Structure formats: C-alpha cells, structure tokens
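Engineer: Structure incoming, see below.
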Amino acid sequence: MSETTGQELSAFDKIEKVKEILDRNGRQSSRLIPILQEVQEVYRYLPKEIMNYVAQALGIPAGRVYGVATFYAHFALEPKGKYLIRLCDGTACHVRGSEPILAELRKKLGLTAQHPTSDDLMFTIETVSCLGACGLAPVVVINDEVHGQMTPDKALKLIDDVLQAEKA
C-alpha cells in the first residue's frame, strides 16, 4: 500500500518502486537480501517475474535469487492478504487457548491451513512458533499491531473492526 494515500499501487508504480529499490542499493548483488525484503514490502510477496527482473538487474542467475527467496522463511512466494494475521502457537499461547482462536478466525474468513489467504487478498492467517509476548498469551498480531490476551470472541471482533474500517 502506498504510505501516503492508503491506496494500492498500480503495476507501473510497483515496478518503478522496484527500480528505486535497486538503484538505492547500488544494484549490488551483495545487497540481494535487503533488496528482496524491500521488494516484498511492495508486492506483499515475491512474484516470479519480479525475482527474474531483480536477477537480471543485478547480473546474477535467477536461480540464485530464487534460492535465497526459498531458503529464508521470511520470504513468501505466494500472495498474502492486505491484513496479515499471525497467531502465536508457542507453548504459552497454546496452553492458554490459541487453537480455538485459530479455528474461529479460519471459520469466519473461510480459510484453512492449505488455503491461508482469502481469494480477495484481504486476509492471510499464519501460525507462528513465538511472537515474544508470552506474558500476553494468547497473542494475535494483525500486520504490526499486537493484540494480547485473545479469546475467540475478541479475535472475531478484531476482524469485524477491520471490515468496518475497510468500508469507511
């Protein structure tokens, strides 16, 4: 999303952003990981054609870019939703009831472990091993906003709030 307008960038604007990222990093292959991180912020994942473009721009084999993108868990090769919902399922969160929260979120959004992103690319649900907020367990993070001491009802309200904000 554009930070200034809140609107989605056009395909042209996205490729222009990629060019800016490459230029800002001196088109140096040694900067591949930070380049891919910034590109992923633009697209919310790493499209194959963009990875190929980055490889060509850096003068390295596409396989090297793909290898880095698949090695690090931080990188996504599939589109993610505008709202990335991360639910902790570490020990503290699990013991305090993260599973029923996950079940309710998936039910409300029509998602599964095999289909974690909504067809409209509005929501993606991921489980993570730890969010480093055990004292707030169970924890849900929506984009970068941490929500502690979750219950299924509180989590569903968070989704309702997001949907209401989207309508506004």
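Engineer: What is the sum of charges around Val141, taking Lys and Arg as +1, Asp and Glu as -1, for the other residues whose C-beta is under 13 Å from the C-beta of Val141?
Structural biologist: My count for the surroundings of Val141 gives -3.
Engineer: Over the chain, what portion of Cα pair distances is larger than 24 Å, expressed as a whole percent?
Structural biologist: 44 percent
Engineer: Which order results if Ile60, Ile159 are arranged by neighbouring Cβ count within 10 Å, fewest first?
Structural biologist: The most exposed by this proxy come first: Ile60, Ile159.
Engineer: Continuing with the same structure: Going out from 0 in 5 Å bins, what whole percent of all Cα-Cα distances in segment 83-167 drops into each bin?
Structural biologist: For segment 83-167, the pair-distance distribution reads 3, 17, 29, 27, 16, 6, 1, 0.
Engineer: Let me ask you something else. Got a sec? How would Val54, Val141, Val95 order by Cβ neighbour count within 10 Å, fewest to most?
Structural biologist: In order of increasing Cβ crowding within 10 Å: Val95, Val141, Val54.
Engineer: Nearest 10 degrees, 0 to 90: what angle lies between the long axis of helix 98-109 and the longest principal axis of the chain (Cα atoms)?
Structural biologist: Long axis of 98-109 versus the principal axis of the chain: about 70 degrees.
Engineer: Follow-up question, since we're still on this one. Near Leu163, within a Cβ-to-Cβ distance under 11 Å, what is the net charge of the other residues, with Lys and Arg +1 and Asp and Glu -1?
Structural biologist: 0
Engineer: Between the helical axis of 32-43 and the dominant principal axis of the chain, each derived from Cα atoms, what acute angle in degrees is found, rounded to the nearest 10?
Structural biologist: Here the helix axis deviates by roughly 60 degrees.
Engineer: Give, as a single signed number, the net charge of other residues whose beta carbon lies under 14 Å from the beta carbon of Gln114, with Lys and Arg counted +1 and Asp and Glu -1.
Structural biologist: Charge balance near Gln114 sits at -2.
Engineer: What is the magnitude of the charge dipole of the chain about its Cα centre, with +1 placed on the Cβ of each Lys and Arg, -1 on the Cβ of each Asp and Glu, and no other charges, expressed in debye to the nearest 20?
Structural biologist: Computed charge dipole of the chain: roughly 360 debye.
Engineer: Let me ask another. Considering just Cα atoms, how many Å³ per residue does the convex hull of segment 11-71 enclose?
Structural biologist: Cα convex hull per residue, to the nearest whole number: 70 Å³.
Engineer: Which angle from 0 to 90°, rounded to the nearest 10, does the C-alpha axis of helix 62-71 make with the longest principal axis of the chain?
Structural biologist: 20 degrees
Rule-based calculations on the coordinates, nothing more; no lab input. Worth saying up front: this structure is predicted, and the values here are computed from it rather than measured. Cβ coordinates were reconstructed from backbone atoms using ideal geometry, including for glycine residues, and neighbour counts include every protein chain displayed.
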